[in-house]
Every structure is written in structure tokens, then in C-alpha cells.
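Below is one structure; the comments refer to it alone.
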Amino acid sequence: MGTLMGFVDFLLWMLWIYFVMICIWIFVWVFIDIFRDHTLNGWAKALWVILLIVLPFLGAIIYLIARGRSMAGRQARDVEETAQANADYIRSVAGTSTSSPAAEIERAHGLLAAGAITQDEFVALKAKALAA
């Protein structure tokens, strides 16, 4: 009987630790969202923070009810902006190896028009682009 009660106590402690970790995660996420939201002015952010410090559970529930939809929208927008920034970065470092021959010829023509390369260099770049 003692071993069973020890195991039940262990499971209850694990459940309480789980709930505490979930609560901490929710509070951290709400704090991050408060300071990430550009639609709130400084006073509104200060009031939300005070409410979360004085009445943490009630404040978090009120925040999630009042601003949960916009919270999800901000998160989706941030994910989309990050994905777009990654795609732009990948395109910028990929160089000319993935561009089309027409784009390379156009770029070489721009260099020729700017005087950065000679006519012979332009012909060589054009031949290289067409060979690829």
C-alpha cells in the first residue's frame, strides 16, 4: 500500500509541475505579445503588465479572451515575414547559378551600358550564358 501511495504522490507531483510549466509558458507568451504589439501604446502596455503581475491568472485569461485573435494574427504575420526574409536571403546568396540565361544577358547588358565592362567582355558573358 505504501508503494502505491508513493507512486500516486509522484504522479500528482508530476501533474502539478506540468501545470506550473504551462502557466509559466502562458505568462511568458502573453508578456512577449504585449511588447510585440505595436497597436498598444505605452500606457496600455503598462496596464496589462500591472494586471498580469497583480492578478496573473485572471489577467492572462482576460488578455487571451480580449486579444487572443489579434495575438494569433501577429504570430502569423511574424512567421510570414520571417519566411519572406529567408526566401529573400536565399535568393540573394544563390547568385547567378540559378538565374536564367536571359537574366544573365540582361545583367551583362546593364554592365555594358554602365561602362563597367567592354564589348568583348559582354560578348563573352553572353556566350557563357547561352552555353549554360
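Report whether or not Arg67 is surrounded by 14 or more Cβ atoms within 10 Å (Cβ to Cβ) and in a helix (DSSP H, G or I). Talk me through it step by step, then tell me what you get.
Values: surrounded by 14 or more Cβ atoms within 10 Å (Cβ to Cβ): yes; in a helix (DSSP H, G or I): yes.
Yes; evaluated as a whole, the condition is true for this residue.
The conditions are (1) without any contact (Cβ under 8 Å) to a residue 24 or more places away in the chain; (2) not assigned by TED's automatic domain parsing to the domain that holds Leu130, and Gln119 fails exactly one of them. Which is it?
(2)
Only one residue in Trp43, Trp48 is assigned to a helix (DSSP H, G or I) and touching a Phe, Trp or Tyr at 6+ places or on another chain (Cβ under 7 Å), so which one is that?
Trp48
Among the candidates Asp33, Asp9, Asp37, single out the residue that is acidic (Asp, Glu) and either in contact with an Asp or Glu (Cβ under 7 Å, 6 or more places away or on another chain) or free of Cβ contacts under 8 Å to residues at least 12 places away in the same chain (or both).
Asp9
Quickly run through region 102-132 and pick out the residues that are in contact with a Leu (Cβ under 6 Å, 6 or more places away or on another chain) and assigned to a helix (DSSP H, G or I).
Ala108, Phe122
Does Ile62 count as outside the structural domain of Val123 (by TED's automatic domain parsing) and either aliphatic (A, V, I, L, M) or on the phi < 0 side of the Ramachandran plot (or both)?
yes
Does Asp9 satisfy the criteria of being over 27 Å from the mean Cα position of the chain (by Cα), part of a helix (DSSP H, G or I) and charged (D, E, K, R)?
yes
The values are calculated or read from the model by the stated rules, or taken from the named source; none is laboratory data. This is a predicted model, so every value here is computed, not measured. All Cβ positions, glycine included, derive from the backbone under ideal geometry; neighbour counts span all protein chains shown.
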